[in-house]
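Sharing a structure below in structure tokens format, with a few things to ask.
The values are calculated or read from the model by the stated rules, or taken from the named source; none is laboratory data. The structure presented is a predicted model; accordingly, all values stated were derived computationally and were not measured. Ideal geometry is used to build each Cβ from the backbone, glycine not excepted, and the neighbour counts take in all protein chains shown.
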Amino acid sequence: MGSSTFCSVIVVGAGISGISAAKLLAENGVDDFVILEASDRIGGRIRKEDFGGVSVELGAGWIQGVGGKESNPVWELAQKSALRTCFSDYSNARYNIYDQSGKIFPSGLAAESYDKAVDSAIQKLRYQEEILSGHSTMSEPPPAPKTPIDLAIDFILHDFEMAEVEPISTYTEFGEQEFLVADERGYEFLLYKMAESFLFTSEGKILDSRLKLNKVVRELQHSRNGVTVKTEDGCVYEANYIILSVSVGVLQSDLISFRPPLPVWKKEAIEKCDVIVYTKIFLKFPYKFWPCGPGTEFFIYAHERRGYFTFWQHMENAYPGSNILVVTLTNEESKRVEAQTDEETLKEAMGVLRDMFGSDIPDASKILVPRWWNNRFQRGSYSNYPIVSTHQDFANIRAPVGPVFFTGEHTSERFNGYVHGGYLSGIDTSKALLEEMRKEKERQMESELESQTFLLEPLLALTGSLTLTQPDAVSGIHKWDVPRQLFLSGKLVIPEAIK
Ligand SMILES: Cc1cc2nc3c(=O)[nH]c(=O)nc-3n(C[C@H](O)[C@H](O)[C@H](O)COP(=O)(O)OP(=O)(O)OC[C@H]3O[C@@H](n4cnc5c(N)ncnc54)[C@H](O)[C@@H]3O)c2cc1C
């Protein structure tokens with residue numbers, strides 16, 4: 001067994017929620033915390049990598065929810081750091097749908113198919129709600145899409161837009177606009193800026209010993225008295241409280257064992273939440289062979305297999321001249337490509353591109369396939385609650401279990417799945433913990449007071465005439481100092497017999 005360290009609060013995870021939680025603690029005078037991060041860097045699902053001469057975002061890429069009645073706090077952070085971003089205009093994507101022979105579907109047909117898909121999504125939602133409420137008026141759910149174009153649009157609607165189907169707080173509150181981060185410093189620069197304000201940094205590096213990288217938490221013991229955490233490398237950390245910011249996918253896995261096990265209501269809330277796998281595959285080419293004018297950034301490939309290399313983006317707006325394409329896969333398709341070699345994935349992607357742009361196009365010189373599902377510190381990309389989730393589900397996933405506080409994007413009722421959800425959840429959780437710490441301090445003071453009175457009872461019996469006034473009782477002196485104080489004040493006369 002290695003070293004043991006004691007502190008007030010342990011924060012597990014240095015993604016945006018863990019960092020925003022620790023920052024708020026520090027701002028409120030709670031400096032004796034440690035942040036235990038499993039990987040060798042901060043950022044979690046915000047992660048850049050150099051690819052083909054530019055910086056690409058493997059995880060979160062967009063700041064969604066801009067230009068509305070309320071300001072998105074992540075957008076504010078980006079503005080302060082002068083993060084370079086590009087406005088994303090998806091409106092043309094549905095008119096850039098290619099069939100397998102490289103022809104673009106006529107815009108009328110695409111619009112018709114899109115309207116049909118929106119109608120069907122709304123009907124499906126109503127059907128599910130009715131089934132759950134037990135008052136079904138619809139006898140059957142709407143028919144599933146069958147043709148390649150209908151399947152492609154269904155994929156875009158459900159795996160991408162969603163906002164068209166149900167109101168999503170991010171868009172209704174923060175605004176409809178979305179901006180792609182295209183900055184060499186990466187989206188993660190926002191986390192470094194936050195960290196700089198409360199951790200010791202030098203020349204852009206975090207040197208604060210309270211941030212501990214490569215510390216994989218494997219066991220968490222908890223009781224009313226606090227927590228003990230064991231890491232994979234045999235270190236032990238003890239604290240009064242813990243903030244757990246690991247993803248819901250990690251909570252669903254067996255990476256961390258809880259002793260005692262989490263209560264049933266908590267386990268059920270964790271299991272109820274779905275995890276979406278979202279994979280952006282980057283391809284670098286020697287030159288461009290795709291259209292690059294206005295309205296061409298996003299394009300769609302229609303195939304009879306739903307989600308098969310459907311959604312494409314060129315990076316000419318983000319990084320002109322980079323000759324990079326991005327294709328996004330989700331869920332089962334993501335898991336499938338994660339399990340195969342990158343060469344196989346490249347072959348499939350090239351087959352699709354040759355369908356769309358002809359057999360003469362060059363092979364990609366490089367491919368990058370992130371593996372969020374097989375990353376044991378992530379187990380997926382982001383949370384997705386079933387449409388019929390209740391307030392109680394969110395309350396349960398957020399609720400502390402004794403000294404164990406939960407945070408992360410999945411605990412945000414309004415903004416789960418997003419960077420701003422993670423950021424705001426960290427703040428909310430720390431506020432709740434600070435409140436708990438304040439109450440605990442009050443409880444301790446009350447019990448100290450009680451024990452002072454209790455300690456004085458035998459003395460009162462001995463001295464008989466001694467009366468303890470209220471100001472004496474609450475003067476803040478430590479309980480074992482009371483007799484000494486009374487003695488010095490002349491109120492306590494030691495009887496002869498016990499001299
Ligand atoms: C591919 C992809 C695309 C996305 N696109 C967008 C987007 O465009 N816009 C948007 O707003 N959001 C997007 N998101 C979602 C967004 O990235 C997340 O919602 C947000 O970053 C989550 O932050 P978090 O702090 O809750 O969790 P995380 O960032 O996952 O932080 C948790 C941390 O805990 C660490 N950890 C896990 N287990 C342990 C352990 N046992 N011991 C110690 N440490 C541990 C992890 O290493 C990680 O650093 C995307 C995510 C992905 C993966």
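Any residue at all in the stretch 229-236 that's buried (at least 20 other Cβ atoms within 10 Å of the Cβ) and within 20 Å of the chain's Cα centre (by Cα)?
Within the stretch 229-236, not a single residue is buried (at least 20 other Cβ atoms within 10 Å of the Cβ) and within 20 Å of the chain's Cα centre (by Cα).
Is at least one residue of the stretch 118-137 modelled with pLDDT of 90 or more, in the same structural domain as R306 (by TED's automatic domain parsing), out of contact with any helix residue (DSSP H, G or I) (no Cβ under 7 Å at 6 or more places or on another chain) and within 30 Å of H420 (Cβ to Cβ)?
We begin by selecting, within the stretch 118-137, every residue modelled with pLDDT of 90 or more; these are none.
No, the stretch 118-137 contains no residue that is modelled with pLDDT of 90 or more, in the same structural domain as R306 (by TED's automatic domain parsing), out of contact with any helix residue (DSSP H, G or I) (no Cβ under 7 Å at 6 or more places or on another chain) and within 30 Å of H420 (Cβ to Cβ).
Can you list residue pairs whose Cβ atoms sit under 6 Å apart, with the first residue in the stretch 15-44 being in contact (Cβ under 8 Å) with a residue 24 or more places away in the chain and the second being more than 8 Å from the ligand (Cβ to nearest atom) and in a loop (DSSP other than H, G, I, E, B)? Count only pairs 6 or more apart in sequence or on different chains.
Note: pairs meeting the criteria are K23/F198; A26/F198; V34/R210; E37/L213; D40/L213; D40/N214; G43/E188.
Confirm whether D31 is more than 7 Å from the ligand (Cβ to nearest atom), under 18 Å from G426 (Cα atoms) and more than 19 Å from the chain's Cα centre (by Cα).
Values: more than 7 Å from the ligand (Cβ to nearest atom): yes; under 18 Å from G426 (Cα atoms): yes; more than 19 Å from the chain's Cα centre (by Cα): yes.
When the stated conditions are applied, D31 passes them.
Keeping to the stretch 292-316, report how many residues are surrounded by fewer than 15 Cβ atoms within 10 Å (Cβ to Cβ) and over 14 Å from I149 (Cβ atoms).
Narrowing the stretch 292-316 to residues surrounded by fewer than 15 Cβ atoms within 10 Å (Cβ to Cβ): 292-295, 304-305.
Applying the additional criterion that residues be over 14 Å from I149 (Cβ atoms) yields 292-295.
Within the stretch 292-316, residues that are surrounded by fewer than 15 Cβ atoms within 10 Å (Cβ to Cβ) and over 14 Å from I149 (Cβ atoms) number 4.
Can you find a residue in the stretch 65-79 that is among the acidic types (D, E) and under 18 Å from V326 (Cα atoms)?
Let us first name the residues in the stretch 65-79 that are among the acidic types (D, E), namely 70, 76.
Adding the requirement that they be under 18 Å from V326 (Cα atoms) leaves none.
No, the conditions are met nowhere in the stretch 65-79.
Let me ask something else. Check off (1) over 18 Å from F309 (Cα atoms); (2) within 16 Å of the ligand (Cβ to nearest atom); (3) modelled with pLDDT of 95 or more for N323 and give me the number that stays unchecked.
Here N323 clears every test but (2).
For the stretch 392-499, which helices (runs of 4 or more DSSP H) that fit wholly inside it have 1 or more residues that are modelled with pLDDT of 95 or more?
Values: elements: 419-463, 470-473, 482-488.
Those helices (runs of 4 or more DSSP H) span 419-463.
Filter the stretch 72-82 down to the residues that are closer than 14 Å to V419 by Cα and more than 10 Å from the ligand (Cβ to nearest atom), then identify the one that is surrounded by the fewest Cβ atoms within 10 Å (Cβ to Cβ).
Taking the stretch 72-82 and keeping what is closer than 14 Å to V419 by Cα, we get 72-78.
Among the residues that remain, those that are also more than 10 Å from the ligand (Cβ to nearest atom) are: 73, 75-78.
On the way: P73: 15, W75: 21, E76: 12, L77: 21, A78: 23.
Going through the qualifying residues, I end up with E76.
Answer yes or no as to whether S197 is surrounded by fewer than 21 Cβ atoms within 10 Å (Cβ to Cβ) and touching a helix residue (DSSP H, G or I) at 6+ places or on another chain (Cβ under 9 Å).
Details: surrounded by fewer than 21 Cβ atoms within 10 Å (Cβ to Cβ): yes; touching a helix residue (DSSP H, G or I) at 6+ places or on another chain (Cβ under 9 Å): yes.
The answer is yes for S197.
Restricting the first residue to the stretch 398-414 and requiring it to be closer than 13 Å to G15 by Cα and within 13 Å of the ligand (Cβ to nearest atom), which pairs with a second residue that is hydroxyl-bearing (S, T, Y) and assigned to a loop (DSSP other than H, G, I, E, B) meet a Cβ separation below 6 Å and a spacing of at least six or different chains?
Pairs that qualify, where the first residue is closer than 13 Å to G15 by Cα and within 13 Å of the ligand (Cβ to nearest atom) and the partner is hydroxyl-bearing (S, T, Y) and assigned to a loop (DSSP other than H, G, I, E, B), are T407/S245; G408/S245.
Out of the residues in the stretch 372-391 that are at pLDDT 95 or above and within 27 Å of P260 (Cβ to Cβ), state the one that is surrounded by the fewest Cβ atoms within 10 Å (Cβ to Cβ).
Here the answer is R376.
I'd like the full set of residues that are β-branched (V, I, T) and farther than 15 Å from L191 by Cβ, limited to the stretch 408-430. Break it down stepwise before answering.
Narrowing the stretch 408-430 to residues β-branched (V, I, T): 411, 419, 427, 429.
Selection gives T411, T429.
Can I ask one more? When the residues of the stretch 151-180 are narrowed to those that are under 15 Å from Y308 (Cα atoms) and at pLDDT 90 or above, which ends up surrounded by the fewest Cβ atoms within 10 Å (Cβ to Cβ)?
Applying the filter and picking the extreme gives L151.
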